[in-house]
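One structure is given below, encoded as structure tokens.
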Protein chains: 2
Amino acid sequence: MATIRDVAKKAGVSVTTVSRALNGYSDVNEKTREKIKVIAQELNYSPSLLARSLVMKKTKTIGLLVSGLRIEGSKDNFTFEVLCGVNDCAGELGYELVLISTDSKKQQEKTYNQLCNERKVEGVILQGIKTDDPYLDEVLKSDIPCILIDIPIESDSVGYVTTDNKGGAQTAVEHLVDLGHKNIAMINGHSQAFVSRERLAGYQGGLKKKGISYNENYVVNGAFLEESAELETTKLLRKHPEITALFCASDLMAMGAMRAAKKLGKKLPEDLSVVGYDNIILSSYSSPSLSTIAQDRYRLGFEATTLLTKLLEGKEVEKNKVLQTAFIKRESTTENHR
Amino acid sequence: MATIRDVAKKAGVSVTTVSRALNGYSDVNEKTREKIKVIAQELNYSPSLLARSLVMKKTKTIGLLVSGLRIEGSKDNFTFEVLCGVNDCAGELGYELVLISTDSKKQQEKTYNQLCNERKVEGVILQGIKTDDPYLDEVLKSDIPCILIDIPIESDSVGYVTTDNKGGAQTAVEHLVDLGHKNIAMINGHSQAFVSRERLAGYQGGLKKKGISYNENYVVNGAFLEESAELETTKLLRKHPEITALFCASDLMAMGAMRAAKKLGKKLPEDLSVVGYDNIILSSYSSPSLSTIAQDRYRLGFEATTLLTKLLEGKEVEKNKVLQTAFIKRESTTENHR
DNA sequence: CTGAAAGCGCTAACAA
DNA sequence: TTGTTAGCGCTTTCAG
């Protein structure tokens, strides 16, 4: 491909002039600039970002580091929608986006810093990492600006974006109580997720506010998996047939829970009301359709990118953003019939 | 961050030696190599891919160029699953992956070649482009190796990966005929998609094979959109109440079609059998669950990457790959009751 | 307004 | 086995 020298040669000027002309500097004759522009076009020239980055020591690139980019993610689309948000925002602001995916195997080979340094990303958005992941420590020690998604930790160079998990969960539980339910169980994710802790707190808060005492036997973990949730729900409902409502920490687990209830011969929603969390596509297509707490994953990605770029550009900002959730009433919740 | 010179200085050798030591060349004393390795580790050094790429004139990077990376893609997950396949394969083979997303606005600003040259991708996988997109011409003229997804065009540097659309469609139609249906309509996508043409051909082929004559009034376009499909299906079923079965060129359109039928007071599947195409997640959760032609989008991405890298490495290969589809019987199809 | 020269971090002949 | 030199394509002083 054509390089800046090819353009310079053909235009009969120096590379310096070409560089300045094309980059919009004012100290270049408009005639010369036009001539250079025309020739650049003719030669189908476009500057090598590689070379430019090398000399400018700036890549204008952010990395979306995803731990566990797997096809299973299709079911909740979390990663994809975050990606869309990041991509759109980065595009608007003129940042390049590189997708870096890791898994425990890859992490053995390369440290977080290596990954970032190699590709010279200026900042990182981190998604899908568990709180006990060794990368998390590295992120906090590293001075590469980073925005965590759904992990509320801050430092000089690290911020986060999340949704109001506690509030969302509380809303869900209050909704169930308002429908007359007293024995409300929770299918949570796992203890390595901040969102699980928050949602549990919200569950407890909702019960307390409504004057219902918390029963720890009513809380089980479904690991955010549909199958595990199905299994755990089956056990739970067998052991505690008095339960009339379920709050699930994810829609996907709610799907599993509903299947479990059906298999146990329960009618939904008459025998069991279920609220999910996420508002994934499936939730409006299942039968019964699922009442849920909606969180805007696209905006999560978009806001993360906004925050990160502000950080990169040295703007003084709040290093975190908490998005609101919204309760969506569908068919899976109804009045307590017992 | 530490550069190769920092390592060289600290190790008391030249940068050349460091380079050779770290890159596993044999002509370096093992003792020196060890020493250098230790120091590199201490300094947390990792080579700049930028600088390396610049001098080697090789980036080992492939681009996944997606036209229309939008949140709506969540519904069928096509892009996401292709991305997973590409990512996994690229990872295995040691290629970096950059995600390049365009839309008609961006395409005004930058040509395909510019996009590729700037980022110095060695090859491209192209997804989501319509057959009348101006980029397609550029791709064919460009000498950057490229694999098209679902567009069966070949040239010296261009190949493609697709599924057996015609065969899949034919299977779907034959299934319906075998259930006793005679008046089988088709909700197709749009004429700018190769897959639509192929699936139409398969639909026609299926009918012909079973001795049923083709009626062009039975074919409408739903633009691959749920809403359009719903609208078109409503019109179609009103006009032709004799229709008892529908073949839809995508599951998403099948969802729209089923909704239309329900709103018209039809019982599914008794009054109308529906077959979709894709096997998206939704298809197994809807009610009735959707009989469909499954295509493996992950493998589409994986195979595209395999093909591309072979092309890049100058291996003599078939420049196309057609994946088989599979028919999946669910609840939405049943015997003709008329 | 324009050009010469230096250098970003790295690899690759070519010498030693 | 190691070092010297050149150069990838670009931007940026600093002179003119």
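Could you check how many percent of all C-alpha pairs in the protein assembly as shown are farther apart than 49 Å? For the protein assembly as shown, the share of Cα pairs beyond 49 Å comes to 22 percent. In this assembly of identical copies, the label point of B:Leu93 (Cα plus 7 Å along Cα-to-Cβ) is separated from its counterparts by 3.3 nm, sorted shortest first. Positive contributions from Lys and Arg (+1) and negative ones from Asp and Glu (-1), summed over other residues with Cβ under 13 Å from the Cβ of A:Tyr112, come out at -2. For an R0 of 25 angstrom, estimate the FRET efficiency from the Cβ-Cβ distance between B:Asp156 and A:Thr3 and round to the nearest 0.05. It comes out at approximately 0.55. Is segment A:165-295 best put as rounded, prolate or oblate by its Cα gyration tensor, with a ≥ b ≥ c the root eigenvalues, rounded for a/c under 1.5, and otherwise prolate when a/b is larger than b/c, oblate when not? Taking the square roots of the gyration eigenvalues as a ≥ b ≥ c, segment A:165-295 is rounded.
Kirkwood analysis of the Cα pair distances in segment A:15-134 returns a hydrodynamic radius of 17.2 Å. Taken over segment A:4-56, the convex hull of the Cα atoms encloses 73 Å³ per residue. Evaluated at q = 0.10, 0.13, 0.15 Å⁻¹, the base-10 log of the normalised Debye intensity for chain A, with identical point scatterers placed on the Cα atoms, takes the values -0.67, -0.95, -1.14. Straight-distance candidates among the lysines for linking to A:Lys9, with alpha-carbon spacing under 22 Å and chain neighbours fewer than 8 residues away dropped: A:Lys31, A:Lys35, A:Lys37, B:Lys57. Here the Gaussian network model covers chain B, with springs between Cα atoms less than 10 Å apart; of B:Asp251, B:Asp133, B:Asp88, B:Asp133 fluctuates the most.
Taking every DSSP helix (H) stretch of at least 4 residues in chain A, weighting each as -39,500 (n - 2.57) and dividing the sum by the residue count yields a mean residue ellipticity at 222 nm of -13500 deg cm²/dmol.
Counted by Cβ distance under 11 Å from A:Leu300, the other residues give a net charge of -1, where Lys and Arg count +1 and Asp and Glu count -1. Summary of the geometry: segment B:123-139 and segment A:160-209, compared by the centres of their Cα atoms, lie 47 Å apart. Taken along the Cα-to-beta-carbon direction at a fixed 7 Å, the label points for A:Lys105 and B:Glu316 span 3.2 nm. Please check which bits of segment B:207-251 a label hung off B:Lys266 would reach, taking the label as a point 7 Å along Cα-to-C-beta and the cut-off as backbone N under 14 Å. Residues B:218-220, B:229-249 qualify, since their backbone N sits under 14 Å from the label point. Across the copies of the chain, B:Ala326 has label points (7 Å from Cα along Cα→Cβ) spaced 3.8 nm apart, shortest distance listed first.
The trypsin sites (Lys or Arg not before Pro) of segment B:282-326 meeting both criteria, a DSSP state outside H, G, I, E and B (loop) and at most 14 other C-beta atoms within 10 angstrom of the site's C-beta, are B:Lys315.
Mean shadow of segment A:261-338, computed from the convex hull of its alpha carbons, in nm²? That works out to 6.7 nm², a quarter of the Cα hull's surface.
For the residues A:Glu303, A:Glu92, A:Glu154, a GNM of chain A with alpha-carbon springs under 10 Å puts the largest fluctuation on A:Glu92. To one decimal place, what orientation-averaged projected area in nm² is obtained for the convex hull of the Cα set of segment A:83-144? That works out to 4.5 nm².
Taking other residues whose beta carbon is less than 10 angstrom from the beta carbon of B:His337, and scoring Lys, Arg as +1 and Asp, Glu as -1, yields -1. What does a probe at B:Lys182 reach in segment B:223-245, counting residues whose amide N is under 17 Å from the point 7 Å along Cα→Cβ? Residues passing the 17 Å test: B:240-245.
So how far, in whole Å, is the C-alpha centre of segment B:268-283 from the one of segment B:1-27? Spelled out, the Cα-based centre of one part sits 62 Å from the other.
All of the numbers you see were taken from the coordinates with simple rules; none came from a lab. Treat the numbers as computed from the prediction; the structure is a model and nothing was measured. FYI the Cβ positions are ideal-geometry reconstructions off the backbone, even for glycines, and counts take in every protein chain you see.
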